[in-house]
Amino acid sequence: MNVPSWQFLVFALVGAAVFNIPFGQRWRDAVWLVLNLAFVWSFSYAVGPLLPLAGFLVLGYLGLEAARTRRAWTAPVSIILVLAVFIWLKRYTFIPHALLLPPGYMAVGLSYIFFRVMHLVIDAGQGAEERISVLKYVNFTLNFPAFISGPIQRFEDYQANSALPLDLPDIGVAAWRMVLGAFKVLILSAALHAWQLDLLAALPERSDVLIGAGVVVLYPLFLYANFSGYVDFVIGIARLYRLRLPENFDQPFAATNFIDFWSRWHITLSQWLRSYVFNPLLMTWMRRYRSARTKQYPAVAAFFVTFFLVGAWHGQTSEFLFFGLLQGGGVAGNRLYQVAMTRRLTPSGYGRLCANPVYRAVARGLTFTWFAFTLLWFWADWQQIGALAERLGLAGSVAAVVGTVGAASIVLALPDALGGLSGRIGLVLRSRYTRTAFASAMILALTVAGLVLRLSSPEIVYKQF
């Protein structure tokens with residue numbers, strides 16, 4: 001079942017109506033379970049392809065229960081087993097082919113289930129007190145609005161933000177998020193993707209710098225519209241089930257450095273890795289390197305490892321490993337630059353530099369350009385990347401990078417330049433009357449696109465992960 005689509009919308013709305021019949025919490029838990037299982041079933045309509053996923057869920061629950069015993073070996077063994085089986089089911093290329101299961105089983109949602117299961121096992125090994133029933137475990141791990149591409153939510157947050165009240169204003173806000181998300185995915189991301197593909201097709205005949213830069217620049221815009229639109233849509237859907245999902249984006253292209261960018265883009269993934277990778281690594285290495293001269297470098301190393309894993313998690317090929325190197329290198333290099341500039345200018349001097357409008361504008365342009373460059377290894381293979389570089393040549397590639405930095409610096413500085421005007425626009429958009437008008441216009445656009453132009457719902461990019 002594609003998200004968003006008319007089939008999914010009908011499924012979710014009918015399910016919400018049944019879920020909200022006031023028969024008590026047991027009724028809601030049972031309906032939630034049926035909906036979660038039905039959604040997973042819709043990807044295969046057969047038992048066989050679902051067995052590996054079911055086995056992974058069983059392994060995760062057994063690991064959770066084993067970790068709760070708090071014996072010295074149970075938590076580490078459970079963590080290693082869960083990680084190893086995840087890598088095996090995801091068919092990473094370094095695993096001998098003879099050891100893999102035959103292809104054809106369902107792997108959709110596995111990565112996000114992995115984050116939920118792993119966090120439960122780790123927390124249980126660290127002394128989490130709450131006992132999680134099988135029903136709660138299945139409903140949490142298979143949570144259908146967030147099943148395909150997150151956002152990633154920890155169990156305690158899931159528990160605290162479920163069973164919320166639901167009144168007309170809540171339904172109105174949920175509807176707004178659903179319409180906004182559908183518009184981003186079905187109209188905006190589809191248009192950006194089609195534009196990029198047209199430029200990519202034109203590149204062999206016209207090795208134009210503007211076309212080459214457009215191919216690279218349009219993809220992060222498409223990815224943002226696609227992924228953030230999906231998240232908007234499912235946040236609205238989840239709210240109809242009295243569940244609040246966490247936000248996953250916070251104006252990422254307003255970031256003035258790469259560390260700041262990753263605190264705004266795929267926020268729940270960054271927060272998960274900060275809690276379970278970055279912080280433990282940093283504390284371990286800080287105990288070893290206690291001198292004032294070297295105390296900054298454990299953080300640099302921890303940043304690199306953490307964000308290398310961000311890239312490596314996305315896929316099983318060498319392109320994604322290199323994507324991870326670029327993410328880790330970008331964040332670690334950013335941290336080294338901050339350390340060097342703080343030493344050179346003092347913290348207050350560096351703070352004044354960062355507040356300079358021209359510096360902020362260029363920093364935004366550089367951050368966007370670096371992210372767009374790294375995404376080449378996200379959507380293209382080595383052969384395509386080599387062909388693109390060959391068509392542009394060295395001079396063309398340099399011109400494309402410089403032009404992208406300059407254009408992005410100017411465009412992304414506009415909200416700061418507008419100042420109070422952008423703030424007033426934000427206040428207007430928060431009005432329910434304005435949202436209703438915008439939602440009506442977007443519904444009209446979606447209706448025209450679906451009924452007249454017969455546009456199909458594009459795949460959510462992060463579904464493959």
In terms of the alpha carbon gyration tensor, root eigenvalues a ≥ b ≥ c, rounded if a/c is under 1.5 and otherwise prolate when a/b exceeds b/c or oblate, region 6-101 is oblate
Step through the residues of region 33-40 one at a time and calculate ³J(HN,Hα) from phi using the Karplus curve (6.51 cos²θ - 1.76 cosθ + 1.60, θ = phi - 60°), rounding each to whole Hz and writing x for Gly and Pro. 4, 4, 5, 4, 5, 5, 5, 4
For Lys295 and Ala201, extending 7 Å from Cα along the Cα-Cβ vector and measuring point to point gives, in nm, a value of 5.9 nm
State the label only: which of (1) 77, 74, 47; (2) 63, 62, 49; (3) 157, 52, 35 corresponds to Cα extents along the principal axes in Å computed from the shown model? (2)
Separation of alpha-carbon centers, region 239-275 and region 34-59, rounded to whole Å: 28 Å
Below 8 Å, C-alpha to C-alpha, sequence gap of six or more: please give me the relative contact order for the chain in percent. 18 percent
Given the chain, what count of lysine pairs have C-alpha atoms under 30 Å apart, with each pair 8 or more places apart or on different chains? 5
What is the order of Leu366, Leu269, fewest Cβ neighbours within 10 Å to most? Leu366, Leu269
List, in order, the whole-Hz ³J(HN,Hα) value for each residue of region 115-125 obtained from phi through the Karplus relation with A = 6.51, B = -1.76, C = 1.60 and θ = phi - 60°; use x for Gly and Pro. 4, 5, 5, 4, 5, 5, 5, 4, 5, 5, x
How would region 252-402 be classified by its alpha-carbon gyration tensor: rounded, prolate or oblate, with rounded meaning a/c under 1.5 and the a/b versus b/c comparison settling the rest? oblate
For the chain, the charge dipole (Cβ of Lys, Arg +1; Cβ of Asp, Glu -1; about the Cα centre) points to a positive end, and the Cα of Leu110, Tyr289, Gly324 closest to that extreme belongs to Tyr289
What does the charge count near Ala301 come to, summing +1 for each Lys or Arg and -1 for each Asp or Glu among other residues with Cβ under 13 Å from its Cβ? +3
Around Ile152, which amide H atoms from residues at least 5 apart in sequence, or from another chain, sit under 5 Å from its own amide H, with H modelled in the peptide plane? Thr268, Leu269
In order through region 346-362: 3J(HN,Hα) via Karplus (6.51 cos²θ - 1.76 cosθ + 1.60), integer Hz, x for Gly, Pro: 6, x, 5, x, 5, x, 5, 4, 5, 7, 5, x, 5, 4, 4, 5, 5
Provide the gained length on full extension for the span Leu135 to Leu418, in nm with one decimal, where the gain is 0.36 nm per separating residue minus the Cα-Cα distance. 96.7 nm
For a quick check: with amide H placed at 1.01 Å from N, whose amide H comes under 5 Å from Phe249's, ignoring anything fewer than 5 positions away on the same chain? Ile267
Using a Förster radius of 51 Å, what is the FRET efficiency between Lys90 and Arg343 based on their Cβ-Cβ separation? Nearest 0.05, please. 0.75
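Taken together, the values in this text are just the output of simple stated rules run on the coordinates, not laboratory data. Values in this document were obtained by computation on a predicted structure and should not be read as measured data. For neighbour counting, all protein chains shown are included, and Cβ atoms are generated from backbone atoms with ideal geometry for every residue, glycine included.
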